[in-house]
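Colleague: Below is a structure I'd like to ask you about.
The values are calculated or read from the model by the stated rules, or taken from the named source; none is laboratory data. All values derive from a computational prediction rather than experimental measurement. For neighbour counting, all protein chains shown are included, and Cβ atoms are generated from backbone atoms with ideal geometry for every residue, glycine included.
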Amino acid sequence: MSLRLKLLIVALSTLVLPWMGWQLVRQTESLLRQGQEQALQASAEAIVKAIDALGVAAPVEGPVFPVFAASAPILVDGYTDDWSAWAADLQPIGPGEQARARVALAEDRAWLYVLLDVRDGTRSRVDARDRRVWTSDHVLLELERGGERSRYPLASAAPGEFDAPADPPLRELPERIVGQWQEDGSSYRIEFRLPRAVLPDRLAFSLYDAAEPVRADPPLRRLLRYDEDAARALARLAPERMRARLATPEGWLVADSGGLGAEADEAEPDEEGWFGGLIYRGMIAPALTGTRALDGVSARLAGAEVAAAATGRPLLSWRPGERPGEVVLAAAVPRRAGGRVTGVLLLEQASRALPLLANRALTELAVASAIALAVAAGVLVSFGALLSFRIRRLRNAAEQAVGSGGRWTGPLPLADAGDELGDLARSFGKLLHEVDAYTGYLRTLASKLSHELNTPLAIVKSSLDNLDQQPLGDGARAYLARARDGAERLGTIVRAMSESHRIERAIASADAEDFDLAALVAGCAEGYRALAGTRAIRLRLPDGPVPFHGAPELIAQALDKLFDNARSFTPEGGWIELRLARERDGVVLTVANSGPLLPAALQDRLFDTLVSVRERSARGSGEAPHLGLGLYVVRLVADLHRGRAVAHDRAERDGVEFVLHLVGMPRRRLADVH
Amino acid sequence: MPRTIAIVEDEPLIRANYVEALGRIGYEVRGYASRPEAETAFAQRMPELVIIDIGLGDEPEGGFELCRSLRVRSPTLPIIFLTARDSDFDVISGLRLGADDYLAKDVSFHQLAARISALFRRMDALRRPVESDSAIEQGPLRIESERMRISWAGQDVPLTVTEFWMVYTLARFPGHVKSRDQLMRDAQVVVDDATITSHIKRIRKKFVAIDPAFDAIDTVHGAGYRWRG
């Protein structure tokens, strides 16, 4: 992982800033909300108390049937078209099987209308006045008025009008009920009306299905009507832009007032923009868990808030408003009378201020921290870039110094910097200096040693020459010959040891001339044929002469070294290829040979001094020793010609290639010649 | 009367070896260990040939000093440098001082003896009148093999013995390529290829000093050298 990447990751830690800000905003917002909640609950409770004080009657207690106010006249025809406004508010007449029958009640000025919808697939039809009616499908209507009760079996043998007699007939109650009966495959509907003059106090329905003959005895229920008085009282009490609704503990709406108007001063709903909206949706909206069912107008307030209040526990909730970017806070508080919950007040307030406030703060914070983050990241990254640039510069300089065989070419970059990198550069410098001294010592060791060895060698040789002149036995002559042979070999070694030194001197005094490199390579190749033995020499030259400015003797010498090297690694019957080609800014001279591949560890160091890849066993007893100077000479020659020497395995992996890229020696200006 | 040879060499073992070996051939040889010692002796009597080691005891270039003072006293005295230092620098310095040849210390005794006798022969020849029939002439080149003298366009080329032998080998058969091995054999030296190359280079320079247009010695890469006839 690069330093820059690491610093980038470190820079990411500045992300903790916006996160902290976000936490702060959330906390602030939650405090604000709490305040709003408390205020709303307080006013809800105040309203409840005020309602009690105003003497608004509590809704009827006990089981009830809600009665809807019919705004349009209802035609009693057994069809539900007139009832579509309350289609969702049909009430089951009782628990269990009884729930198959559902009822809705509505009234206008004169009449109380009743619609019964019964799901029943098996039908046994008789008329209401038939004696068998008690054992056939029917809905038993029970009315109570003034303590007297009467029952009406609602049944019909065929769709159409039915006529149900009272049992027993009472003065206060209608003696018969006439209505309409309609049915389809799975259900039947009963629709009838009662004059408001003979309205019962309580009523009950029970379903009798001939297929499952179980008679239920449901409790009588009171009728629950919308309370206009209570609504007026609420309208007086409820604060502006709040909606107050009063309901029974079961949730039946008794009175309502007000509406969820947005705050007037927040006139620009689009101000927050998509960014604010995104933040609102992504971060604030999840906290909105209120029941959407409380939106709109319905006869029954379903929802956890009302249910909780019905048990005596006030509950507050937030829910998204109907307009975008709006939230609604709902508070449900119980209305109590004598320890019992007699109703629920639901007070709602829509507000845009809170999310907008949060959004604005959040947006500003986000922008500010984005800028801060960008600045911090930019500073860190550019610091990292600078740091890694410096480190790379140092590394490159160190690599270059090491790559050039430890030759130290001058002060390292950063060496005068005061920080740790400067320390590092100075230590590198020291290290390279030592390496340089060491390699310098190694490089000159051979030639120094050869000088030192020359004198004792001369003593040995001249002594042997003298000994040769003495009268000696045959045995002694043999030893003399061996000693001479050894001395000769020693002489060869000593000469080889000083070779690089001599080459360096030759290079230092080399004079450049113009010559045809192709002719030189061709001539050398001719000379090598005699030395190659069973190895084939291949020569590939470009067409025409290759003019070159350099030291031909030295190039020939380098070529000799390469050929020598190639020959010693090429097996009998192998091949050696000499190839010359023009390059963009010079020439490429390649000596390739079949044979073993290069050891991977040494590929880069082959051209260094004192590096030899030969194994000892590869050396014949008579061969000159390999001190690793040959390829070093090649490199020196390449350097002289502003080129470089590389060695690599052939792409076919059947041998190796030593490649010399040569540019040519710089041409001296006339002024330098004289 | 035997010819006298002086050997100035600080290494006693080598000195003793050379003194004995040359004495065996029939020369009268004296060995000296240092420059002052040698100069004192030469003031008494000049030898006919001097072999000098460049580094003498605590004088690293004492041999050069000695050579210079000898050359002042006798311009014709044959002087051979013998040293462990075989680098080109030493060669050039030695020759500028007027040495007749220059050999590495590991030269075989046989090679040294060949040079000594050649130098003596040359001295003898110089004393005799010129025998024109012993000279080889090729264009501007004239070789007097007895006197070991080579001239180019009428001017003497100051070659050492080794160099003379090389030019002689090349020029005797113009157009023939002589390999480095052949040159070494004929010049009675055992050196490496690079030294042959620098010998040839020096020979060229000496000719060029006389005639800037000189290019009679041709390099045949990979094979050797040839005299362009």
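Colleague: Test residue A:491 against the criterion of being free of Cβ contacts under 8 Å to residues at least 24 places away in the same chain and surrounded by 17 or more Cβ atoms within 10 Å (Cβ to Cβ), and give yes or no.
Modeller: In short, no.
Colleague: Hey, another quick one. When only residues in the stretch A:164-202 that are free of Cβ contacts under 8 Å to residues at least 40 places away in the same chain and among the small types (Gly, Ala, Ser) count, which is nearest to residue A:131 (Cα to Cα)?
Modeller: A:164
Colleague: Among the residues of the stretch B:181-196, how many are crowded, with 20+ Cβ neighbours inside 10 Å and under 25 Å from residue B:139 (Cβ atoms)?
Modeller: 3
Colleague: Return yes when residue A:293 is farther than 23 Å from residue A:35 by Cα, out of contact with any Ser or Thr (no Cβ under 9 Å at 6 or more places or on another chain) and at pLDDT 75 or above and no when it is not.
Modeller: Details: farther than 23 Å from residue A:35 by Cα: yes; out of contact with any Ser or Thr (no Cβ under 9 Å at 6 or more places or on another chain): yes; at pLDDT 75 or above: no.
In short, no.
Colleague: If you scan the stretch B:1-29, which residues turn out to be in contact with a Pro (Cβ under 7 Å, 6 or more places away or on another chain) and either of a type in the set (S, T, N, Q) or under 17 Å from residue B:62 (Cβ atoms) (or both)? Quick ask: steps written out before the conclusion?
Modeller: Start the filter on the stretch B:1-29 by keeping residues that are in contact with a Pro (Cβ under 7 Å, 6 or more places away or on another chain), which leaves B:4-6, B:26-28.
Correct list: B:4, B:6.
Colleague: Does residue A:598 satisfy the condition of being in contact (Cβ under 8 Å) with a residue 40 or more places away in the chain and either loosely packed, with under 14 Cβ neighbours inside 10 Å or more than 14 Å from chain B (Cβ to nearest Cβ) (or both)?
Modeller: Values: in contact (Cβ under 8 Å) with a residue 40 or more places away in the chain: yes; either loosely packed, with under 14 Cβ neighbours inside 10 Å or more than 14 Å from chain B (Cβ to nearest Cβ) (or both): yes.
Criteria met by residue A:598.
Colleague: Here's a check for you: in the stretch A:443-463, which residue that is in contact with a Leu (Cβ under 8 Å, 6 or more places away or on another chain) and not small (Gly, Ala, Ser) is farthest from residue B:10 (Cα to Cα)?
Modeller: A:443
Colleague: Looking at the stretch B:203-221, which of its residues are loosely packed, with under 13 Cβ neighbours inside 10 Å and under 23 Å from residue B:100 (Cα atoms)?
Modeller: Matches in the stretch B:203-221: B:205 only.
Colleague: Next question. Just to be sure before I move on: is residue B:15 within 23 Å of residue B:109 (Cα to Cα), out of contact with any Phe, Trp or Tyr (no Cβ under 7 Å at 6 or more places or on another chain) and in a strand (DSSP E or B) in the structure I sent?
Modeller: Numbers: within 23 Å of residue B:109 (Cα to Cα): yes; out of contact with any Phe, Trp or Tyr (no Cβ under 7 Å at 6 or more places or on another chain): yes; in a strand (DSSP E or B): no.
Here the answer is no, as residue B:15 does not meet what is asked.
Colleague: Output the residue which, of all residues in the stretch B:31-60 that are modelled with pLDDT under 85 and more than 26 Å from residue B:114 (Cα to Cα), is surrounded by the most Cβ atoms within 10 Å (Cβ to Cβ). Before you say what the answer is, go through the steps one by one.
Modeller: Step one: of the stretch B:31-60, the residues modelled with pLDDT under 85 are B:54-60.
Right, trim to more than 26 Å from residue B:114 (Cα to Cα) and you get B:57-60.
Numbers: B:57: 14, B:58: 8, B:59: 16, B:60: 11.
Top of the filtered list is B:59.
Colleague: A follow-up question, please. Please work out if residue A:463 is free of Cβ contacts under 8 Å to residues at least 24 places away in the same chain and at the interface with another protein chain (Cβ under 8 Å from one of its Cβ atoms).
Modeller: yes
A quick yes/no check of all residues on (1) out of contact with any Lys or Arg (no Cβ under 9 Å at 6 or more places or on another chain); (2) in contact (Cβ under 8 Å) with a residue 40 or more places away in the chain; (3) over 16 Å from residue A:516 (Cα atoms):
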| residue | (1), (2), (3) |
| --- | --- |
| A:536 | yes, yes, yes |
| A:544 | yes, no, no |
| A:548 | yes, yes, no |
| A:555 | yes, yes, no |
| A:562 | yes, yes, yes |
| A:567 | no, no, yes |
| A:576 | no, yes, yes |
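Colleague: Sticking with this structure for a sec: If residue A:34 passes every condition in (1) over 30 Å from residue A:217 (Cα atoms); (2) in contact with a Leu (Cβ under 8 Å, 6 or more places away or on another chain) but one, which one does it miss?
Modeller: It fails just one condition, (2).
Colleague: Please enumerate the residues belonging to the stretch B:185-213 that are modelled with pLDDT of 85 or more, touching a helix residue (DSSP H, G or I) at 6+ places or on another chain (Cβ under 9 Å) and within 14 Å of chain A (Cβ to nearest Cβ).
Modeller: Matches in the stretch B:185-213: B:200, B:203.
Colleague: List pairs: first in the stretch A:653-674 and exposed (fewer than 10 other Cβ atoms within 10 Å of the Cβ), second at pLDDT below 85, Cβ under 7 Å, 6+ apart or cross-chain?
Modeller: Pairs found: A:653/A:597.
To keep it simple, each residue is scored yes or no on (1) modelled with pLDDT under 85; (2) buried (at least 21 other Cβ atoms within 10 Å of the Cβ); (3) hydroxyl-bearing (Ser, Thr, Tyr).
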{"position": "A:183", "(1), (2), (3)": "no, no, no"}
{"position": "A:199", "(1), (2), (3)": "yes, no, no"}
{"position": "A:203", "(1), (2), (3)": "no, yes, no"}
{"position": "A:207", "(1), (2), (3)": "no, yes, no"}
{"position": "A:212", "(1), (2), (3)": "yes, no, no"}
